[in-house]
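The structure under discussion appears below in the form of structure tokens.
The values are calculated or read from the model by the stated rules, or taken from the named source; none is laboratory data. The structure presented is a predicted model; accordingly, all values stated were derived computationally and were not measured. Here the Cβ positions follow ideal geometry from the backbone for every residue, glycine too, while neighbour counts run over all protein chains shown. Remember, those area values only see protein heavy atoms, side chains included, never the ligands or the DNA or RNA. Shrake-Rupley method; radii C 1.70, N 1.55, O 1.52, S 1.80 Å.
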Amino acid sequence: MYTQGLDQRAPEGAAKAADDAAALVAFQARIDAEEKIEPNDWMPQGYRRTLVRQISQHAHSEIVGMLPEGNWITRAPSLRRKMILLAKVQDEGGHGLYLYSAAETLGVPRAEMVEQLLAGKAKYSSIFNYPTLTWADIGAIGWLVDGAAIMNQVPLCRCSYGPYARAMIRICREESFHQRQGYELMLKLAQGTSGQKRMAQDALNRWWWPSLMMFGPSDKESIHSSQNMAWKIKRVSNDDLRQKFIDVTVPQGHFLGLTFPDPELRLDEASGHWLHGPIDWTEFNRILAGDGPCNRERMAARRKAHADGAWVREAAAAHAAKRANRQRAKAAE
Ligand code: BYC
């Protein structure tokens with residue numbers, strides 16, 4: 001949306017000269033002074049690339065993330081629950097749009113980002129490659145997945161890149177409602193019949209470990225963390241955010257009367273932290289490589305939705321061209 005205003009004539013000699021040491025020092029000084037970087041400001045190519053990577057992955061996650069929950073809209077147990085779920089899934093679509101717009105300010109058209117996703121070249125969050133088997137999964141996703149998302153995304157409201165930081169403020173407000181509706185759903189089930197409680201426990205058993213993986217590899221294995229943190233794109237490390245999430249979520253689970261599928265989970269009195277057992281990074285890596293329980297199904301659904309929506313995009317483009325022509329003709333009168 002802002003791409004027309006961007007000066008993208010840098011490549012060759014100019015970009016090389018621009019990326020010189022003095023410019024880098026001045027750029028880092030702006031970051032250190034907590035100034036926001038805006039689309040037309042000079043930025044190192046690596047900063048631009050990192051933001052495009054992260055924001056587009058984030059946008060794809062929101063869009064692919066509509067699928068597991070969308071699966072339950074027609075089977076929600078009451079009209080109230082159906083309305084809540086519809087609104088939530090629609091919110092996720094909106095988050096995708098804000099994020100694609102934020103990424104476009106860096107000079108990459110949305111169509112190109114979508115193409116990368118559909119070609120299997122772009123990542124999206126590992127969490128959306130798990131199936132939603134029962135209604136309790138909708139509660140578990142709101143409570144755990146949106147809970148983990150908020151923990152990761154609140155610090156992004158202070159990201160050094162202005163358009164991303166501003167998009168995140170609105171997204172976080174909506175995610176907070178999502179988390180609460182998920183917890184309320186889990187509470188209802190946990191206080192319900194023994195069958196409902198079993199369903200809630202089963203959903204927690206299946207979603208707990210994948211939720212912890214959402215924060216990304218351990219700090220030791222995270223390739224981008226140190227540069228991202230120096231640029232203040234990322235404010236808190238993967239492991240620290242994961243620990244914060246565990247510390248907040250475990251007491252919530254105990255309040256529900258549920259148990260966590262981790263025999264090593266225990267409160268360390270000295271630090272006040274809940275210590276957890278080892279995370280199965282083999283499973284995480286398999287999902288990132290495209291071989292999770294639902295990777296193929298998710299991509300097939302996105303490709304079909306994209307193909308089915310081609311006529312809408314064509315109609316919208318034709319309408320926009322017609323309006324622009326009309327406005328031009330009017331201006332020329
Ligand atoms: N899944 O060096 P690292 C939502 C990748 S949607 C897949 O630590 P970084 C919601 C990582 O991209 C929530 N890939 O990277 C929607 C990198 O790969 P590349 C989505 C992952 O960037 C609907 C490599 O592993 N949230 O809330 O410093 C319904 C090395 O990692 C994952 C965001 O996208 C993963 N879990 O840190 C409900 C937040 N973890 O690019 C809810 C924005 C890591 O080198 N993103 N990878 O090929 C971030 O905060 C950061 O990008 C990450 C990773 C913490 C995810």
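Close amide H pairs (under 5 Å, H built 1.01 Å from N) link I37 with Y161, G162, residues at least 5 positions away or on another chain. Projecting the Cα positions of L133, A165, A22 onto the charge dipole of the chain (unit charges on Cβ atoms of Lys, Arg, Asp and Glu, taken about the Cα centre) puts L133 furthest along the positive direction.
Taking amide hydrogens as modeled 1.01 Å from N in the peptide plane, which residues meet the under 5 Å criterion relative to H273, leaving out close sequence neighbours? Correct list: D268. Taking the helices alone, the chain has a mean residue ellipticity at 222 nm of -20000 deg cm²/dmol, built from -39,500 (n - 2.57) per DSSP H run of at least 4 residues and averaged over all its residues. The peptide list 256-267, 179-190, put in order of mean Cβ contacts within 10 Å with the highest first, becomes 179-190, 256-267.
Here the calculated FRET efficiency for D219 and Q90, from their Cβ-Cβ distance with R0 = 30 Å, stands at 0.25, rounded to the nearest 0.05. Between I84, I55, I246, the GNM of the chain built on Cα springs shorter than 10 angstrom shows I84 fluctuating the most. A simple rule links phi to the HN-Hα coupling: the Karplus curve 6.51 cos²θ - 1.76 cosθ + 1.60 with θ = phi - 60°, which for the range 148-158 gives 5, 4, 4, 4, 6, 8, 4, x, 5, 5, 9 Hz, with x for Gly and Pro. Contact order, relative form, for the chain: 17 percent (alpha carbon pairs under 8 Å, 6 or more residues apart, mean separation divided by residue count).
Taking 7 Å along the Cα-to-C-beta vector as the label spot, tell me the Q116-A22 distance in nanometres, rounded to one decimal. If labels sit at Q116 and A22, their model points lie 3.2 nm apart. For the pair M229 and D291, label points projected 7 Å from Cα toward Cβ lie 3.2 nm apart. Entry comment: accessible area of the chain is 51 Å² per residue, from protein heavy atoms only and a probe of 1.4 Å. Length gained on full extension, L265 to N71, computed as 0.36 nm times the residue gap minus the Cα-Cα distance: 66.6 nm. Across the range 82-87, computed HN-Hα scalar couplings (Karplus, 6.51 cos²θ - 1.76 cosθ + 1.60, θ = phi - 60°) run 5, 5, 4, 5, 4, 5 Hz from first to last residue, x flagging Gly and Pro.
Taking Cβ atoms as reference points and 12 Å as the exclusive limit, the residues near W207 contribute a net charge of -2, counting Lys and Arg as +1 and Asp and Glu as -1. Phi angles of the range 174-183 translate, via the Karplus equation with coefficients 6.51, -1.76, 1.60 and θ = phi - 60°, into HN-Hα couplings of 6, 4, 5, 5, 4, 4, 5, 5, x, 5 Hz per residue; Gly and Pro are given as x. Accessible surface of the range 228-332, 1.4 Å probe: 57 percent of it comes from carbon and sulfur atoms.
Between the range 257-328 and the range 57-121, the C-alpha centres lie 8 angstrom from each other.
Note on the range 194-329: with charges restricted to the Cβ of Lys and Arg (+1) and Asp and Glu (-1), its dipole about the Cα centre is near 1360 debye. The loop-placed trypsin sites (Lys or Arg not before Pro) in the range 82-147, going by DSSP, that have at most 10 neighbouring Cβ atoms within 10 Å of their Cβ come out as K121.
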